[in-house]
1. Mind checking how much accessible area B and A bury in total, 1.4 Å probe, in Å² rounded to 100?
2. Could you work out the longest stretch of chain A that avoids the chymotrypsin sites (Phe, Trp or Tyr not before Pro) located in DSSP loops with at most 13 other Cβ atoms within 10 Å?
3. Going by a 1.4 Å probe on protein heavy atoms, which residues of the range B:23-72 end up with at least 40 Å² less accessible surface in the whole assembly than in their chain alone?
4. So, by mean Cβ neighbours within 10 angstrom, what's the order for A:252-262, A:349-359 with the highest one leading?
5. What relative contact order, as a whole-number percentage, does the range A:297-409 give when Cα pairs under 8 Å and 6 or more residues apart are counted?
6. Are there residues in the range A:392-410 whose accessible area shrinks by at least 10 Å² when all protein chains are included rather than the chain by itself, and which are they (probe 1.4 Å, ligands and nucleic acids not counted)?
7. What is the total of Lys pairs in the range A:82-264 with C-alpha atoms under 12 Å apart, excluding same-chain pairs fewer than 8 positions apart?
8. Kirkwood Rh, Cα Rg: Rg to Rh for chain B?
Amino acid sequence: MKQLRSSVKIAFRALAMNKLRSALTMLGIVIGVASVIATVAVGSGATERIQEQIASIGSNLIVVLPGSLTTGGLRMGTGFAVTLSESDAREIPLQCPAVAYAAPVIRGGAQVVAGNNNWATIIYGVTPDYLAMRDLSVAQGEEFSTSDVDGANKVALLGKTVVDNLFGAANPVGQPIRIKNVPFTVVGVLTPKGQSSTGQDQDDLILLPISTAKRKVIGFNPANADAVNMILIQARSAGQIAAAQEEITALLRQRHHLQRAELDDFSIRNMQEIFAAQEASSRIMAFMLAAVASVSLVVGGIGIMNIMLISVRERTREIGLRQAVGAKTRDILTQFLVEAATLSIAGGMVGIVLGVAASVAISQIAGWRTVVGPGAVLLAVFFSALVGIGFGYYPARKAAYLDPIEALRYE
Amino acid sequence: MPPLIDVRNLTKTYSLGEVTVRALQGVTLTIERGSFVAVMGPSGSGKSTFMNLVGCLDRPTSGRYFLDGVAVESLDRDRLADIRNRKIGFIFQTFNLLPRMTALENVELPLLYKSGETPNAAALARRALVSVGLSGRERSLPSQLSGGQQQRVAIARALINQPEILLADEPTGQLDSRTGNEILEIFVRLNRESGITIVLVTHSDEIAAYAERIIGFRDGRVVSDTPVKLAALRIGPAGIGAAAEAEARP
Ligand SMILES: Nc1ncnc2c1ncn2[C@@H]1O[C@H](COP(=O)(O)OP(=O)(O)OP(=O)(O)O)[C@@H](O)[C@H]1O
Ligand SMILES: [Mg+2]
């Protein structure tokens, strides 16, 4: 105990003697710990966000896309085939008792002009049900209605990013815009949703009545004038998702005249699966980032080893003298291990502060959510101590096993 | 009671590649408790090698060494470290103080490695400094002390664990003769008052005269071993007084 206390004192004194050198050595650990903290923070932020989306969207959404998944799981043109139709979407809620709503969606890119400004964005042709199911609301103006869909009225709902680029700070509601040269009236602005967990801007879009989008903007698909890119379905409850999926599959196979041996010409997935997959991939991503960051921790450890080797060399006479007055192998070993651990733990502390600061900066600048948990901080402290002791061991051992005579005689 | 130091046929051979240096070639001698011995001899005759073996800093190539009846030549590093800590005090020509520590901390150093807690270590160390005539300089760094003062700190450090033997290899080699004599007077006093055994290497007859026995080395062998009896050989004010006292002893 007295050895440990004095070792800490000796370590601080030795490190204070070479302030610049100690600081530079610590820098490696500082950077390592800071980057581990920051990447873990970004990773857990993404995961937490996905979990929140799952909770907020409700887990009873189902997506049907045209095209099939092969048995091997290889995607065969999902979303691009023309096998799903608006009439499928109409029939699903009527025929499937477990389904509450079904909303057909068509999609396409378009250039949009307002006054002197223009902007390329994605156009979604939808029905009012879509907004309710996606939990989209209108911040200014109002939604379009079923009668706008029936009448194929030229009305548009704009995402925040589109408004920013076309109108700046001006109020766009009631203003004319041209989408692919077709004049539309802006009836509303969607409440911003920010970035998705995968980093997409969820506000860079325009919603049009599906009928208008098909006739005036996106165009008919020559293979099937009734084709849609997606059908979004809401089951009556989370418990009825499986039933709904079965009913939909049976109905669509029947409507598409598929034989028993034929594969589905559509794919059906529920949001739970999709989010689970996203969550898994974001976890893997976070893990890989943290792994890369920990490489720099190892590099920092090598820096410590290097400096400790130099320090042992420089203090050879001191070691010899300590041995002459009775220091045992363990005493010298402890002294140098404590010194290495002091370096790395101090570096770890600074690294934690910087890592937390970096996480805050990332969430401010990039708009990503970051979460710094106590677990990550503890882990960082633990690892930096481990690195110090691990990489300090070899130099410390070298010091401890010096021959006292040779050490005393060392110049 | 066995002699404090009992070496038998001690040899030490260094091999430097093809050349082998036989620094000690069979040294046999005993040193009794409480004696004050000077070791002399030309440069390279093996004096320091002998001192390192006696001090348990090094191990002989062959031969036996009984320290206080214990065969120490076969003990492991940590056992030897413990013996150095408890039984032996070293004083070096170059003082070997730790430069970043105060005088007091330097003196306390052996206590750090002593097994068991030492209450009021600082008070002990302060007393040791006073006993070598260095009060009031506890907080000085070695660089702020003169050579003689540094050697006094080193002596205080050697004494802190109350060892039985003080080994001094040319302790006055870097000091002027007046300071050297002052240091020697401390040794004489310690030997007299505390009965501590002192083995001292020196090139100076004047210094050797403080001892009661002079062992002569040449080419790794003991070539002479003479008791110092004549008061006339004891030079210096303390020396003469000490010699007179010695005469008075039975
Ligand atoms: N570590 C070593 N490696 C090789 N040879 C050594 C070593 N230490 C001492 N020697 C040799 O052993 C012999 C005795 O050396 P030692 O240091 O004991 O002499 P000394 O009597 O103390 O001399 P001095 O009066 O100059 O201090 C010398 O020839 C020296 O070169
Ligand atoms: Mg010598």
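The values are calculated or read from the model by the stated rules, or taken from the named source; none is laboratory data. Note that the coordinates shown come from a computational prediction; the quantities given were computed from them, not determined experimentally. Here the Cβ positions follow ideal geometry from the backbone for every residue, glycine too, while neighbour counts run over all protein chains shown. For the accessible areas, the whole protein counts, side chains as well, though only heavy atoms, and no ligand, DNA or RNA atoms are used. Shrake-Rupley method; radii C 1.70, N 1.55, O 1.52, S 1.80 Å.
1. On the way: alone 12420 and 20850 Å², together 30720 Å².
Counting both chains, the buried surface is close to 2500 Å².
2. On the way: sites that count: A:F80, A:F220, A:Y401.
That would be A:221-400.
3. B:L57
4. Numbers: A:252-262: 12.1, A:349-359: 20.4.
With the highest mean Cβ count within 10 Å placed first, the list reads A:349-359, A:252-262.
5. On the way: 120 pairs, mean separation 61.0, N = 113.
The normalised contact order for the range A:297-409 reaches 54 percent.
6. A:Y401, A:D403, A:P404, A:I405, A:L408, A:R409
7. Values: A:K154/A:K214; A:K154/A:K216; A:K160/A:K193; A:K180/A:K216.
Taking the range A:82-264 as the scope, the lysine pair count is 4.
8. Working: Rg = 18.0 Å, Rh = 18.7 Å.
Ratio of gyration radius to Kirkwood radius: 0.96.
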